[in-house]
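One structure is given here, and the rest of the page talks about it.
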Amino acid sequence: MANSFVFSSESVGEGHPDKVADLISDSVLDACLAQDRASRVACETMVKSNMVILAGEITTRAKLNYEAIVRAAIREIGYVNSDDVFHADTVFINNYLTRQSPDISQGVDAKKAKGKKTAEQGAGDQGLMFGYACTETPELMPTPVMFAHRLGRKLTQLRKSGRVEWLRPDAKSQVSVRYENDRPVAVENVVISTQHTADVTHARIESYLIENVVRKVIPARMLTKKTQFLINPTGRFVIGGPQGDSGLTGRKIIVDTYGGWGRHGGGAFSGKDPSKVDRSAAYMCRWVAKNIVAAGLADLAELQVAYAIGYPDPVSVYVDTMGTGRVTDEKIARAVTKVFGFKPADIIRQLNLLRPIYRRTTNYGHFGKTGLPWELTNKVAALRAAVR
């Protein structure tokens, strides 16, 4: 009997309130790292109506103009229209950032401290992180989330090109994919909700987005006569962004990762420097999982690591190929620990993470993008040799 099911994933646009908050937080992080590679950053942002609130802990030698950073991020997103309540030039900015706690700092610092078991750099917190890869797409990512991201990117491209004057920044997309025998075969439905100006009709929005967004980014072979298109299904989406809803840093962690297909440890990414293993170890796990699949050791791979705060070595490293491995999971796990270093300092060194690269990760997923170090498949040969 054929194994048949439908799986759905979503994405959100740059103007979604939570993504506005994420971009502001990552913009602050990049500004810190651009001046001081040793910056410790945990920047949280909340946006609502015409307000931006910065909070969290930052210890840095960088000299920053936080107001300029916030306004530039909002301007880049596109909240610059005359009728925007949340506008780059007029939002009120409240700054509640403080320095990192010395108790946390001593656990992260690569030096001795009373009660600390080693003098090495430790993890910035306890927690568990996951990475995932599969052969479904060229990016080695699950199909539903990649399709959802492509829809969002296309919407943004059209809006920022100026060719579609009625598009506004807030948007969401969702794609449901039918699988047969664990392979994606068809798109069951596509959902797009996009903010728009008040003068455009729903019929125009619907027809334009189906032809110029959906059919441009989803392969024709995946669209059938039964595929359902749900475009702005409420009928109207004029009030959007932080005017319509509040936004918080780190609230779109499933959008940021694998669309619900791979597991997630629960830690958010944006606004955190790489001493926070919530972020850096999740990137590490993606790098390892992608290299396992690219090496042909399995058709899909999921990796879990876990850490204790202040301690350098992971307390566990677990590999699961879910029955698709060409060799046993135990062999792959042993090879992984030979080829890759999982201490926080090793992760930062291997992926060269003390750079202002994080604004590039904020929108349309942290994984599946070219040009990011954890997307390289540069350890394929080493993994193949290690499993012999």
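The values are calculated or read from the model by the stated rules, or taken from the named source; none is laboratory data. Quick caveat: nothing in here was measured; it's all calculated off a predicted structure. Because the Cβ atoms are built from the backbone with ideal geometry, glycine has one as well, and the counts that use them run over all protein chains shown.
Output yes when any residue across the stretch 41-53 is within 15 Å of Lys276 (Cα to Cα), touching a helix residue (DSSP H, G or I) at 6+ places or on another chain (Cβ under 7 Å) and in a loop (DSSP other than H, G, I, E, B), and no when none is.
no
Pro312: buried (at least 18 other Cβ atoms within 10 Å of the Cβ), part of a loop (DSSP other than H, G, I, E, B) and touching a residue at least 24 places away in the same chain (Cβ under 8 Å), yes or no?
Yes: the conditions hold for Pro312.
Among Asp256, Asp273, which is within 30 Å of Ala186 (Cβ to Cβ), surrounded by 24 or more Cβ atoms within 10 Å (Cβ to Cβ) and under 17 Å from the mean Cα position of the chain (by Cα)?
Result of the check over Asp256, Asp273: Asp256.
Taking the stated definitions as given, is Ala21 among the hydrophobic types (A, V, I, L, M, F, W, C) and within 25 Å of Asp170 (Cβ to Cβ)?
yes
Looking at (1) under 24 Å from Val52 (Cβ atoms); (2) buried (at least 24 other Cβ atoms within 10 Å of the Cβ), find the lone condition where Ile239 falls short.
Here Ile239 meets the rest and fails (2).
Considering the stretch 288-306 alone, what residues qualify as being surrounded by 24 or more Cβ atoms within 10 Å (Cβ to Cβ), touching a Gly at 6+ places or on another chain (Cβ under 7 Å) and not in a loop (DSSP other than H, G, I, E, B)?
The answer is Val288, Ala289, Leu303.
Within the set of pairs 6 or more residues apart or between chains, which connect a residue that is at pLDDT 95 or above inside the stretch 278-289 to a residue that is among the polar types (S, T, N, Q) and surrounded by 24 or more Cβ atoms within 10 Å (Cβ to Cβ) with Cβ atoms less than 9 Å apart?
Taking only residues 6 or more apart or on different chains, the pairs are Arg279/Ser270; Ala282/Thr257; Arg286/Thr257.
Can you tell me which residue is farthest from Arg150 (Cα to Cα) among those in the stretch 356-368 that are over 10 Å from the mean Cα position of the chain (by Cα) and assigned to a loop (DSSP other than H, G, I, E, B)?
Filtering the stretch 356-368 for residues that are over 10 Å from the mean Cα position of the chain (by Cα) and assigned to a loop (DSSP other than H, G, I, E, B), the one farthest from Arg150 (Cα to Cα) comes out as Pro356.
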